1. Amide H to amide H, which residues 5 or more places from A102 or on other chains are under 5 Å from it, using H placed in the peptide plane?
2. Can you tell me how region 82-121 classifies by the Cα gyration tensor, rounded, prolate or oblate, using a/c under 1.5 as the rounded cut?
3. Per residue of region 113-120, what does 6.51 cos²θ - 1.76 cosθ + 1.60 with θ = phi - 60° give for ³J(HN,Hα)? Whole Hz please, x for Gly and Pro, Karplus curve as stated.
4. Report ³J(HN,Hα) in whole Hz for each residue of region 74-90, in order, from the Karplus equation J = 6.51 cos²θ - 1.76 cosθ + 1.60 where θ = phi - 60°; Gly and Pro get x.
5. Order the peptides 69-82, 20-33 from the highest to the lowest mean number of other Cβ atoms within 10 Å of their residues.
Amino acid sequence: MKLRKSRPRRRGRIEIIPMIDVMLFLLAAFMLASLSMQHIHSLPVNLPHGTAMTPQTRHPLTLTVTREGGLFIEQVPVSLEGLAGVLRAKLPVSTGEVTVAADSAAPHGVVVDAMLAAREAGVEHFLIAVKHD
């Protein structure tokens, strides 16, 4: 007499749909995490086009010059006369670097005057922000 097993033997199978769902979730999570890791400390201005090397991991202060000639340090408005004092207070001792994000239509004289005032405050290197094509 042949006895049958109470449960039929089934082969295991890998379900691919849940794995795809998990991978898409991970992709979205990593994309959102990478966007939140960007440190953008300037106001939105119309940057000139150009090519430049990507900056390294250090995060210098950002000096923004708007189309109207307004000056901002890390989104805080400053005057040209008070720029050197604000930079001395905020400038890290180890790096004397400032990123200049000037609008392409900003007055050239204001940008130069701001850079000269920053030089008086101890800034040794200027990084010019450009928009990649």
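Any read-out appearing in this document is the output of simple, stated calculations on the displayed coordinates, not a laboratory observation. Quick caveat, the model's predicted, so the values are computed rather than measured. Methodologically, a virtual Cβ is constructed for each residue, glycine included, from the backbone with ideal geometry; neighbour enumeration extends over all protein chains shown.
1. Amide H neighbours of A102, under 5 Å, 5+ apart: V65, A129.
2. Judged from the Cα gyration tensor, region 82-121 comes out prolate (a/c at least 1.5, a/b above b/c).
3. Once rounded to whole Hz, the list reads 4, 5, 5, 5, 5, 5, 4, 5.
4. Each residue's phi maps through the Karplus curve to give 6, 6, 9, x, 9, 8, 5, 6, x, 4, 5, x, 5, 5, 4, 6, 9 Hz.
5. 69-82, 20-33
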